[in-house]
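The structure appears below as structure tokens.
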Amino acid sequence: MTSQEILELLERTGALIEGHCDRGDGTHADRLIRVVKATQFAPFNRKLCYEIVRHYLELDIHVVVAASTAAIPIAVEVGRQLEARAIFADAEGGLFDGFELHDGERAIVVQGLLESDEETTIVSKLIRKTNARLVGIGSIVDTRPAKQRYTVKDVTAIQLPLQRYDAGSCPLCALETPLVWTPSGV
């Protein structure tokens, strides 16, 4: 898929909202990205995940690890396309009950929205601790201002810069730009 096709898919599914957005965490942004709004549809999830998969087709991947619960559909689809197991990390940085990694397994970590390296780094350390081999990191949307240098393949379907502002010093608020999205219940 081209970047334009990915953008159109994200917009059509409500996964990408442009404008003045309250992120619900004390910050505002110029857009809101909710990849799960697109990955809930199997045909779209398949297409978006292939943008990760195509980089790993020749690397004999054994296991795909979801870095968060929102990445579970992505891990399952990437695993299906690579004919690999799909397992899921929990909020504490361990694996969900019953999942395990084995010595020498070739693993990739996937995430829908990659805003920082924190979640991926936690899961990457877990993989290395179990003597599995971290081969790569994949995301549907990468909003990191600068990529951390990894010693593994780091791929994304689309890079979308995101301007974040502290709610108290938001230039969009100063311009009295109306909010186009606020979290539910706010």
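Any chance you could give the angle, 0 to 90 degrees and rounded to 10, that helix 42-53 forms with the longest Cα principal axis of the chain? That helix lies at roughly 70 degrees to the long axis. Just to confirm the number: angle between the C-alpha axis of helix 118-129 and the first principal axis of the chain, 0 to 90 degrees, nearest 10? Roughly 10 degrees, rounded to the nearest 10.
Once the Cα atoms are used to define both axes, helix 72-82 deviates from the longest principal axis of the chain by about 50 degrees.
With 10 angstrom as the radius, rank 44, 96 by how many other C-beta atoms surround their C-beta, starting from the fewest.
Numbers: 44 18, 96 12.
Arranged by neighbour count, lowest to highest, 44, 96 become 96, 44.
Taking a straight Cα-Cα cut-off under 16 Å and skipping sequence neighbours fewer than 8 places away in the same chain, the lysines within cross-link reach of residue 153 are 125.
Taking amide H as placed 1.01 Å from N in the peptide plane, residue 20 has its amide H under 5 Å from the amide H of 180, each at least 5 places away in sequence or on another chain. Note on the stretch 51-131: Cα-only Rg and Dmax are 11.5, 32 Å.
When only the Cβ of Lys, Arg, Asp and Glu is charged (+1, +1, -1, -1), the dipole of the stretch 3-176 relative to its Cα centre reaches about 380 debye. Residue-normalised convex hull volume from the C-alpha trace of the stretch 73-186: 154 Å³ per residue.
Kindly provide the Kirkwood hydrodynamic radius of the stretch 3-176 in Å, to one decimal, from all pairs of distinct alpha carbon atoms. Each step should come with its number before you reach the end.
Numbers: mean 1/r = 0.0602 Å⁻¹.
Roughly 16.6 Å, rounded to one decimal.
Calculate the dipole size of the stretch 43-88 relative to its Cα centre from +1 charges on Lys and Arg beta carbons and -1 charges on Asp and Glu beta carbons; express the result in debye to the nearest 20.
Working: 5 positive and 5 negative charges, 34 e Å.
Dipole of the stretch 43-88, to the nearest 20 debye: 160 debye.
Only the coordinates and a few stated rules stand behind these numbers; no lab work does. As the structure is a computational prediction, the values presented were derived from the model and not from experiment. Every residue, glycine among them, receives a Cβ derived from its backbone with ideal geometry; neighbour counts consider all protein chains shown.
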